[in-house]
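*Asks:* Dumping the structure here so I can ask a few things about it.
Values quoted throughout were computed directly from the atomic coordinates according to the rules given, and no laboratory measurement underlies them. It should be emphasised that the depicted structure is a prediction, and the values quoted were computed from it without experimental measurement. Backbone-built Cβ (ideal geometry, glycine too); neighbour counts: all protein chains shown.
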Amino acid sequence: MKVSRRQLLSTTLAAGAALASKRALAKQPVDPKPPAEPPPRSTHGLVVPNGSILPSKVRNGVRVYHLIAEEFSHEIAPGLTVQAWGYNGGSPGPVIEATEGERVRIYVTNKLPESTSIHWHGVFVPNGMDGVAGLTQKAIQPGQTFKYEFVFDRAGTFMYHPHADEMTQIALGMMGMIVVHPRSGERAHARDYVLMTHELMVPIGARRADPLAMNDFNVLTFNGKAFPATESLVAEVGDRVRIRIGNLGPMDHHPIHLHGHAFEVVATDGGTVPASARVPETTVIVPVGTVRVIEFVARAAGDWPLHCHMTHHAMNQMGHAAANLVGADPQGLDTKLSRVVPGYMTMGHAGMAEMSTMRMPQPANAISMVGGQGPHGIIDMGGMFTILKVRDHLRPGQDPGWYVAPATASEASPSDLVGDGITP
C-alpha cells in the first residue's frame with residue numbers, strides 16, 4: 001500500500017496534535033472535587049458574625065435540612081484551637097432559617113463516638129419530635145441518621161441542642177440557633193444579627209474543653225469566637241438594629257451591655273414582649289437556656305463595645321491558680337527567683353494591664369490575657385466582647401475600619417487644670 005506525501009503529512013500532524021493535546025491535559029492539575037458551592041445567604045437579610053446559615057432545599061412542599069453531629073478542630077482565636085463537638089463543622093452549628101407555617105424535615109446524622117439526639121428548644125413540636133433520648137425517642141447511635149418532621153407554627157428566635165449526655169455534648173460545643181420569620185407583618189429591619197454565647201473551661205495548653213467544669217470557665221465566646229477574633233457588627237446612623245442573643249452555656253447567665261445606645265427587649269424564645277411591657281435598657285441578662293431579642297436605632301457614629309459585663313467573661317483564659325500580688329512589694333524577689341527560674345519577672349503587683357500590653361510569651365495553645373490592637377493601643381479585653389461599628393455611610397460588605405472621632409479624651413494641660421481649679 002502506497003502512502004502519498006499529503007497523507008503522511010496529514011497523519012503526522014494529526015498524531016502530533018493529539019500527543020500535544022494529551023501532554024497538555026496531563027500537565028493540568030486534576031481536582032477530583034467539584035467546585036465548592038458558595039455558603040447560603042439569608043433570604044431575609046439575617047447576618048451571623050463568624051457563623052453560617054444551614055443550607056436547605058424544598059422537596060414536594062417540605063423544606064429539607066441536614067445536620068451532622070461531629071468532632072472537628074475549631075479555632076477560638078489565633079493561638080487557641082480546640083477539638084470541638086458541633087454541627088456541620090461549626091460550634092455553634094449553622095443557623096436554621098425558616099418561615100412561619102413551613103413544614104420542615106431535618107435529618108440528623110451522628111458521627112460522634114457516642115449516642116446523641118436533638119431538641120428544638122422553644123419550638124412547639126409534636127411530642128415524638130421533641131428530641132429527648134429515652135423519653136420521646138430512641139437515642140441516635142453513632143453512624144445512624146434520624147429524621148425529624150414538623151411545622152414551624154409560630155415566628156420567633158429559638159435554639160437547638162442535644163438531649164443526650166448534655167453535660168458533655170453542650171460543654172464541647174453542640175448547640176445552634178433557629179430563626180423563624182413571620183409570614184407577613186414584620187417590621188423591616190436594616191440590620192438583623194444572631195449571636196450565641198458560650199463558655200468553656202480549657203486548661204492552659206490543653207486542646208479540649210473540660211466537660212466536668214461547673215465554674216471557673218476561662219474561655220467565653222460570641223458565635224464560637226473570643227475577642228479579638230469576633231467579627232464586628234455594623235450599622236448606619238438611623239438604622240433599626242435587631243440582635244438575637246441565645247445562651248446555651250453550661251452554668252452562667254450573661255449581662256450583655258451595649259455602649260452608646262439604649263434598647264428594648266422585644267422578644268424571648270417564648271414569644272413577643274408586648275410593647276406595654278418594654279422598658280429602655282443598656283444591659284440585658286441572658287439566662288442559661290434562653291433567648292433575648294433586643295432592638296434599637298443606631299443613634300451615633302462610633303465604635304461601640306458590646307460585651308458581657310461579668311468582668312472575667314470579657315477576658316481570655318483567666319484563672320485563680322496564681323497568687324494575688326496586687327499591692328505586694330516585689331523588691332528583691334525577681335533577683336532571688338531568677339536563680340531558680342531564669343528570666344523570672346514578677347507581674348500583677350501593680351495591676352493586670354501589663355500582662356496584656358507586654359505581649360509576654362505564652363505556652364503552646366494558650367491566649368491568657370491576650371487582647372486586640374485598637375486605634376489608640378491595646379484593647380485589653382477578650383472573651384465575650386465585640387464591637388458595633390456605626391457610621392454615617394457604609395460600603396456594602398466592607399468593614400469600615402476604626403472610627404476617627406472628631407474629639408477624644410486626652411491628657412489635660414496645666415492651663416486646663418488651673419483654669420478649672422483642679423489639683424491632681
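*Asks:* What is the magnitude of the charge dipole of the chain about its Cα centre, with +1 placed on the Cβ of each Lys and Arg, -1 on the Cβ of each Asp and Glu, and no other charges, expressed in debye to the nearest 20?
*Replies:* Working: 35 positive and 37 negative charges, 569 e Å.
The calculated dipole for the chain is roughly 2740 debye.
*Asks:* Could you work out the Kirkwood radius for segment 283-338, taking every pair of different alpha carbons, averaging 1/r and inverting it, reported in Å?
*Replies:* Values: mean 1/r = 0.0604 Å⁻¹.
Mean inverse Cα-Cα distance, inverted, gives 16.5 Å.
*Asks:* Along the Cα-to-Cβ line of Thr136, 7 Å from the Cα, sits a label point; which residues in segment 49-74 have backbone N less than 20 Å from it?
*Replies:* 63-69
*Asks:* Please give the residues of segment 231-251, grouped as numeric ranges, whose backbone N is less than 18 Å from a label point set 7 Å along the Cα-to-Cβ vector of Arg395.
*Replies:* Answer for this model: 232-237.
*Asks:* Relative contact order for the chain: what is it in percent, counting Cα pairs under 8 Å that are at least 6 residues apart? The partial results should precede the final answer.
*Replies:* Details: 916 pairs, mean separation 58.6, N = 424.
Relative contact order comes out at 14 percent.
*Asks:* Another question, then. Using 1/(1 + (r/R0)^6) with R0 = 41 angstrom and r between the beta carbons of Val62 and Met167, what's the FRET efficiency to the nearest 0.05?
*Replies:* Efficiency, rounded to the nearest 0.05: 0.75.
*Asks:* Identify, among Tyr65, Val279, Ile294, the residue whose Cα sits farthest towards the positive end of the charge dipole of the chain, taking +1 on the Cβ of Lys and Arg and -1 on the Cβ of Asp and Glu, with the dipole about the Cα centre.
*Replies:* Tyr65
*Asks:* Right, another one. Summarise the long-distance tail of P(r) for segment 183-273 by giving the % of C-alpha pairs beyond 21 Å. Each step should come with its number before you reach the end.
*Replies:* Numbers: 1819 of 4095 pairs.
Summing the P(r) tail past 21 Å for segment 183-273 gives 44 percent.
*Asks:* For segment 46-311, what does the convex hull of the Cα positions come to per residue, in cubic angstrom?
*Replies:* Numbers: hull volume 34.7 nm³, N = 266.
Residue-normalised Cα hull volume stands at 130 Å³.
*Asks:* Calculate the FRET efficiency for Asp153 and Ala409 from the Cβ-Cβ distance with a Förster distance of 45 Å, rounded to the nearest 0.05. Provide the component values of the computation, followed by the final result.
*Replies:* Numbers: r = 52 Å, r/R0 = 1.15.
The computed FRET efficiency comes out at 0.30.
*Asks:* Follow-up question, since we're still on this one. Arrange the following residues from fewest to most other Cβ atoms within 10 Å of their Cβ: Ile96, Ile106, Ile118. Write out the running numbers ahead of the final one.
*Replies:* Values: Ile96 25, Ile106 22, Ile118 28.
Fewest-to-most Cβ neighbours within 10 Å comes out as Ile106, Ile96, Ile118.
*Asks:* Among Val341, Tyr107, Tyr160, pick out the residue whose Cα is farthest towards the positive end of the charge dipole of the chain, where Lys and Arg carry +1 and Asp and Glu carry -1 on C-beta, about the Cα centre.
*Replies:* Farthest along the dipole direction, towards plus: Tyr107.
*Asks:* Please compute the modelled spin-label separation between Ile378 and Ala328, points set 7 Å along Cα→Cβ, answer in nm with one decimal.
*Replies:* Label at Ala328, label at Ile378, 2.0 nm between them.
*Asks:* Starting from 0 in steps of 5 Å, tell me what percent of the Cα-Cα pairs of segment 249-388 lands in each bin.
*Replies:* 2, 8, 13, 16, 15, 13, 10, 8, 7, 4, 3, 2, 1, 0
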